[in-house]
Every structure is written in structure tokens, then in C-alpha cells.
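**Student:** Quick one: the structure is below, questions incoming.
Since every read-out is calculated from the coordinates, none of them should be taken as a lab result. The structure displayed is predicted, hence computed values, not measured ones. Because the Cβ atoms are built from the backbone with ideal geometry, glycine has one as well, and the counts that use them run over all protein chains shown.
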Amino acid sequence: MKRAVSAVLFVILFAAVGYLFWVTRPVTCLAKSASDTAAAVTGDSVRIIERTVVPASPRIPEVPAFMVFAGDTIRFDRFDLRERMDRELIAFTYGHTNSLLMLKRSARIFPQIEPLLAQNGVPDDLKYLMAIESNLSETAVSVAGAAGLWQFMREVGKEYGLEVAPTVDERYHIQKETVAACSYLKKAHARFGNWMTVAASFNGGINGITRRRETQRQSNAMDLYLVEETSRYMFRILVAKMMFENPELFGFELEERDLYPYIPPKQKVKVSESIEDLAEFADRYGISYAQLRRANPWLRDTKLVAAKGKTYEILIPDIEAERQYLLHL
């Protein structure tokens, strides 16, 4: 009798262990054992499971012998320059969330920015400042209160002609904030005569970089001893240029369908009077308030209080063009 009970208990225990092994086995094993059925039923099921496998980490790009930034040649023929560049290469290679988002957003942002830089006589490479400042997010805001793609502080934005008010904040206006940034960059270039030093001043301030040049008796910001944030800032810009020009070096292989495209607005509506209800205004043009705000991030409230004598241009997004784009991916 005891032997019979023991045998039954052994069978039950064996069955329980077998069941636990079966239900907890790896997903890849499930895919293999059910591959024929999954392929027959859903076609892509097995491939979807296989895509969850994380590829090997990409190799860190090597520090180049030199780079050209805004027409100036920057050489990494000193130990300190090479190590500082290598640090940022490592950060970009393994900071994939921000790096990937920047690459995706660049297809929408750069086409709007590049013509403005050219029109204002600012080298195209200066667009990479935005990547470091805001990760190319139109609505970025820092803990200190800097806002927009170029991250203007409130008072600095006003100094360069941007309206900053409760219902309007042009630090989030892509065209206007870029023109303001161009004014700042050209002013700094007139002082320093070197675009990388200009870039450093966008982080450390024109006066701050000027003082350090005078006390350290050096003209180029690459040769200055700076606070860590500004010191890293210059090399992060250089690595950003490398990544946008050669994303495959950092392990990214993006197709056109992976990017966030720039789709021109359907209409531009000029307004010189206040609008009490932007939701109602949006409805008149066949869009939602949310869609209106995404197309015009400088609108900061449910209403628009127009400044005296000023005309605003409100963009109406082309929702149908967006839909057609997605349908043809």
C-alpha cells in the first residue's frame, strides 16, 4: 500500500515539474515549437518574436584624426582633446533613447531650420546646437526655465525680440526662435571670430567666454579651461555632427519610414486680434485644439491675447497629407 502511494506521489511530482518546465520555457523555444502553426495562422508571428532579440552592442566609433566644423578644422592630436571627444562618442553610442529620437526628429526639424541659417549667414553646422540644447524637441523646457529648440531663457529671448507672455511664447516658435538664435550667433562671431568658440558661448555666455579668454590668454574655446558643462558642450556638438551624418557608425540603420517627416502646413492664417476660444478657432478649420497646439507650440493657452499692433501667423496642419503619408509607408 505504501509503495502504491509513493508511486502515485512520484508520478504527480514528476507531472508537476514537467508542467512548470513547459509553461516557463523561453519564448524562443515556444517560437520554434510552434513555428509551423504560427506561420500558417498569422504569417509574421515568428518574425515578430524573433525581432525581440536584442542585437549585440555597437562598437564605439573611433576618434577621428580631425573634423571640419563650420569651415574650421579641429584636430584631436592632443591627449586631452582625444579623451574628451572619446567620452562623448561613448555617451552617444550607448544613450540610444535620445540619440534615436534626435535622428527621427531631424527629418522634421532640419528642413525648417537650414534655410533660415543660410538666409542669416550662419553656417549649417550650427544647427547641431539644437540637438545638444533640446534633443530636437520643439516643446523642450529645462529645469532653469529655458525653452524651445534653442533653449532661450525668458529675458534673453525678450532681448532678441521674442514675445514671452502668458498666452504667447515665441521661444517655441521655430522660425522666430531660429532667427533670434542667428542674431545671437552672429553677435558672438563678431566678438570671437571662431565658430566653435561661438558655440561654446551659447552655453557659457558671451561675457563668460570673453572673461576666460582674457584671463587664460587664449583665443579659441577649445584651449580654455571651462566648467565641465561648457567643456563637454563643444565635443557633444562635434559628435552630434558625426552621428547625423553617419548614423550607422553608432549602430543605427534607419529607413525613411522610421523618420518623422516634415509636412508643410495646409494653410497659414494671419491674425491681428485676440482669439477668445482657440478650440472654436481650430474647429473652423477642421482640426482639433490639440492638433492646433502641436502645429503652433508658441500658443500657450486656450486663447490668444494679441499684442497691440502685432500680427501672428497661425499654421493649420495638413491632416489629410499626414494621413496619406502614413498610408503609403
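**Student:** Taking amide H positions as placed in the peptide plane 1.01 Å from N, state which residues far from residue 153 in sequence (5 or more) or on other chains have amide H under 5 Å from it.
**Tutor:** 147
**Student:** Using R₀ = 35 Å, calculate the FRET efficiency as 1/(1 + (r/R₀)^6) where r is the Cβ-Cβ separation of residue 283 and residue 248; round to 0.05.
**Tutor:** So, using R0 = 35 Å, E works out to roughly 0.20.
**Student:** May I pose another question? In whole Hz and in residue order, list the ³J(HN,Hα) couplings for segment 158-165 that follow from phi through the Karplus curve 6.51 cos²θ - 1.76 cosθ + 1.60, θ = phi - 60°; x for Gly and Pro.
**Tutor:** Karplus values, whole Hz, x for Gly and Pro: 5, 4, 9, x, 8, 7, 10, 9.
**Student:** For residue 312, enumerate residues with amide H under 5 Å from its amide H, sequence gap 5+ or separate chain, H modeled in the peptide plane.
**Tutor:** Here 271, 272 satisfy the definition.
**Student:** Within straight cross-link reach of residue 158, meaning Cα distance under 28 Å, which lysines are found once same-chain residues fewer than 8 apart are removed?
**Tutor:** Output for residue 158: 127, 176, 186, 187, 268, 270, 303, 308, 310.
**Student:** Under the definition of Cα pairs under 8 Å and six or more residues apart, what whole-number percent is the relative contact order of segment 267-327?
**Tutor:** Dividing the mean separation by the residue count of segment 267-327 yields 49 percent.
**Student:** Sticking with this one: In segment 229-251, whose amide N lies under 12 Å from the spot 7 Å out along Cα-to-Cβ of residue 114? List them in ranges.
**Tutor:** Taking a point 7 Å out along Cα→Cβ of residue 114, the residues of segment 229-251 whose backbone N falls under 12 Å are 245.
**Student:** Using the C-alpha gyration tensor of segment 267-327, what are the square roots of 5 times its eigenvalues, in whole angstrom, with the largest one first?
**Tutor:** Numbers: eigenvalues 107, 26, 17 Å².
Ellipsoid semi-axes (Å, largest first): 23, 11, 9.
**Student:** Quick query: amide H of residue 69 versus all other amide H atoms, modeled in the peptide plane; which residues come in under 5 Å with a sequence gap of 5 or more or a different chain?
**Tutor:** Sorted by chain and number, the residues that satisfy this are 74.
**Student:** Tell me, in nm to one decimal, what length is gained between residue 142 and residue 327 on full extension, where the rule is 0.36 nm per residue of separation less the Cα-Cα distance? Could the numbers behind the result be given before it?
**Tutor:** On the way: separation 185, 0.36 × 185 = 66.60 nm, distance 3.59 nm.
Stretched out fully, the residue 142 to residue 327 stretch lengthens by 63.0 nm.
**Student:** Next up: What full-extension length gain, to one decimal in nm, is calculated for residue 267 and residue 306 as 0.36 nm per residue of separation minus the Cα-Cα distance? Working shown, then result.
**Tutor:** Numbers: separation 39, 0.36 × 39 = 14.04 nm, distance 1.99 nm.
Gain in length upon complete extension: 12.1 nm.
**Student:** If we count other beta carbons within 10 Å of each Cβ, what is the order of 173, 96, 189, fewest first?
**Tutor:** Listed from fewest to most nearby Cβ atoms, that is 96, 189, 173.
**Student:** For segment 66-258, state the semi-axes of the equivalent ellipsoid (square roots of 5 times the eigenvalues of the alpha-carbon gyration tensor), sorted largest first and rounded to whole angstrom.
**Tutor:** After diagonalising the Cα gyration tensor, the semi-axes are 24, 23, 15 Å.
**Student:** Right, another one. Packing-wise, with mean Cβ within 10 Å as the measure, how do 195-208, 225-238 rank, highest first?
**Tutor:** Details: 195-208: 20.6, 225-238: 18.1.
Packing proxy ranking, top to bottom: 195-208, 225-238.
**Student:** Then there is this: For segment 132-149, in order, what is each residue's ³J(HN,Hα) by Karplus, 6.51 cos²θ - 1.76 cosθ + 1.60 with θ = phi - 60°, in whole Hz (x at glycine and Pro)?
**Tutor:** Once rounded to whole Hz, the list reads 6, 6, 9, 6, 6, 9, 5, 10, 5, 9, 8, 4, 7, x, 5, 9, x, 4.
**Student:** So if each residue of separation counts as 0.36 nm, and I subtract the Cα-Cα distance between residue 104 and residue 320, what length gain in nm does that give?
**Tutor:** 75.6 nm
**Student:** Right, something else. Using θ = phi - 60° and the Karplus relation 6.51 cos²θ - 1.76 cosθ + 1.60, list the HN-Hα couplings for segment 306-317 in order, rounded to whole Hz, with x at every Gly or Pro.
**Tutor:** 6, 6, 4, x, 10, 10, 10, 10, 9, 8, 9, x
**Student:** Right, something else. Apply 1/(1 + (r/R0)^6) to the Cβ-Cβ distance of residue 62 and residue 220, taking R0 = 25 Å, and write down the FRET efficiency to the nearest 0.05.
**Tutor:** 0.55
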